[in-house]
Amino acid sequence: MPRKVWLGAAVVGAAALVFGSVQSTGALWRDDVTVAGATVRTGTLSLATGSPSGSDYVFSELTKNPVALNEAVQAPLVITNTGDTPLRFRLSAAGPAVSTANAAATVSLAGAVLSSGATCSATTPMGTAFGTFTTSAPTTAVAPLWQSLAKGASQTWCIRTTLTQVTSTSAVAYTHRFAFAVEQTR
């Protein structure tokens with residue numbers, strides 16, 4: 001009989017330890033805070049770049065056929081906050097998407113934020129939208145340079161591309177793809 005009492009006490013002690021530790025661990029994951037006068041804001045993030053297709057944009061205005069090596073082509077890109085909250089955005093990845101089999105193209109890309117009334121031309125100073133970089137793939141990461149847009153506001157970028165290298169015995173067809181990152185601002 002004492003052995004059963006001892007076993008029962010051990011089971012009760014183990015159960016107390018298990019439930020006690022679960023309760024104390026659960027307390028580490030709970031927190032309540034009351035803040036007087038707080039406002040919680042929500043909204044919809046939506047960024048339109050030309051004719052959007054998901055979070056990627058194919059920039060057909062940069063197409064020139066044929067384009068010679070070391071020839072620059074530039075075109076404006078209007079970016080609009082179509083959501084209902086202020087946001088910040090940046091170019092997160094960009095580069096050429098080659099559609100010619102067994103071929104590759106390398107381009108140098110640069111971007112500038114255009115001021116109101118400015119035009120996108122061969123003399124537009126680059127670097128205010130994103131820094132100049134060289135790429136041969138549409139997924140090349142771009143150094144972050146955030147831009148802010150109020151609800152309903154637009155910003156125009158001048159995008160310049162220069163074909164710097166081609167690996168093919170015939171003409172190479174490619175498009176430029178751009179991906180953007182977007183965050184809500186307060």
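The values are calculated or read from the model by the stated rules, or taken from the named source; none is laboratory data. In this text, all values refer to a predicted model and were calculated from it rather than measured experimentally. Virtual Cβ from ideal backbone geometry, glycine too; neighbours counted across all protein chains shown. To get the accessible areas, we keep the full protein, side chains included, count just its heavy atoms, and leave off ligands, DNA and RNA. Shrake-Rupley method; radii C 1.70, N 1.55, O 1.52, S 1.80 Å.
Looking only at residues of the range 148-157 that are out of contact with any Leu (no Cβ under 7 Å at 6 or more places or on another chain) and in a strand (DSSP E or B), we find that the one that is nearest to C120 (Cα to Cα) is S154. Looking for something in a strand (DSSP E or B), over 17 Å from E183 (Cβ atoms) and of a type in the set (A, V, I, L, M, F, W, C) - is there at least one such residue anywhere in the range 131-147? Scanning the range 131-147 turns up at least one residue that is in a strand (DSSP E or B), over 17 Å from E183 (Cβ atoms) and of a type in the set (A, V, I, L, M, F, W, C). In the range 133-144 there is no residue that is at pLDDT below 95 and closer than 16 Å to A75 by Cβ. For the residues T139, T128, the requirement of being within 19 Å of the chain's Cα centre (by Cα), under 24 Å from A68 (Cα atoms) and open to solvent by 70 Å² or more (accessible area, probe 1.4 Å) singles out T139.
For the range 104-115, a residue qualifies if it is in contact (Cβ under 8 Å) with a residue 60 or more places away in the chain and crowded, with 21+ Cβ neighbours inside 10 Å, and the qualifying residues are A105, V107, L109. What tally of residues in the range 143-156 results from selecting those that are more than 11 Å from L91 (Cα to Cα) and open to solvent by less than 40 Å² (accessible area, probe 1.4 Å)? Adding up the residues that qualify gives 3.
Scanning the range 70-103 for residues that are open to solvent by 50 Å² or more (accessible area, probe 1.4 Å), under 25 Å from T167 (Cβ atoms) and among the polar types (S, T, N, Q) yields N70, Q74, S99, N102.
Of A171, A118, all but one fail to be assigned to a loop (DSSP other than H, G, I, E, B) and loosely packed, with under 13 Cβ neighbours inside 10 Å; the exception is A171.
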